[in-house]
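No lab work stands behind these numbers, since they all come straight from the coordinates. Just so you know, these numbers come straight off a predicted model, no measurement behind them. Glycine also receives a Cβ, built like all others from the backbone with ideal geometry; neighbour counts cover every protein chain displayed.
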Amino acid sequence: MFSVGEVDVKGLQRFENMLGALGAEAPKAVNRAINRTGDMARTQVVRTLAKQTGLPQKTIRKSVKVKRSSWDDLTYTLKSAGGDVALKYFQKRETKKGVVANLGAARGRVLFPRTFFRGGAFPRRVDLSAFGGHVMDRMSEQRFHLKKVKSGVFIPEEMVEGATADAFERSVQQNLPRRLDHEISRLLGL
């Protein structure tokens, strides 16, 4: 979980006098600046997390929930919940040895032996609509004794470590002072 209100941004003391001059309008200016900065940070988090995990940005965007800042609560929060992501959502291809999936920059391409998501004889195998794109592993010799295969990637864990956490903090530290200056100047008519 990330929160813009928790990131220490040095140099914001210079805005104290200007915020004092705004009076009751100050929370509105800070709220707009935090929300805009948070949206920019969210974009960076989604991009970086997609590279880090190997998942498409569309999937990451669905899993990252946003709680925007308000006049009363001046924090912008990014949350993600969920468990082990199924191989269905990764770039994958089927080989005779099993399914090979791209699990991001750190893990690279990983072979999952004896797994499949297509049916028929090689090389003319076809996607099986009954599986809905899921990768299956045969648990025994019985025909329908199958299990969905998971990737070992947990989006909430990946979100708070490594390049994604750095991208969030860097984006907030670069953009929040600039956005605050812009919103304050706009309200003061400068």
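Observations, loosely collected:
- For the pair the stretch 17-69 / the stretch 127-157, the C-alpha centres are spaced 35 Å from each other.
- The chain: C-alpha gyration tensor shape, a/c 1.5 cut-off, then a/b vs b/c: prolate
- Lysine pairs in the stretch 77-190 with Cα atoms under 18 Å, if 8 or more residues apart or on separate chains: 10
- Net charge in the neighbourhood of Arg109 (other residues with Cβ under 12 Å of its Cβ; Lys, Arg +1, Asp, Glu -1) is +3.
- Mean Cβ neighbour count within 10 Å, used as a protection proxy, ranking 147-156, 115-124 highest first: 147-156, 115-124
- Crossing angle, helix 163-188 versus the chain [Cα axis fit, 0-90 degrees, rounded to tens]: 30 degrees
- Aspartates and glutamates whose Cα lies under 20 Å from that of Lys62, excluding same-chain neighbours fewer than 8 positions away: Asp39, Asp84, Glu157, Glu158, Glu161
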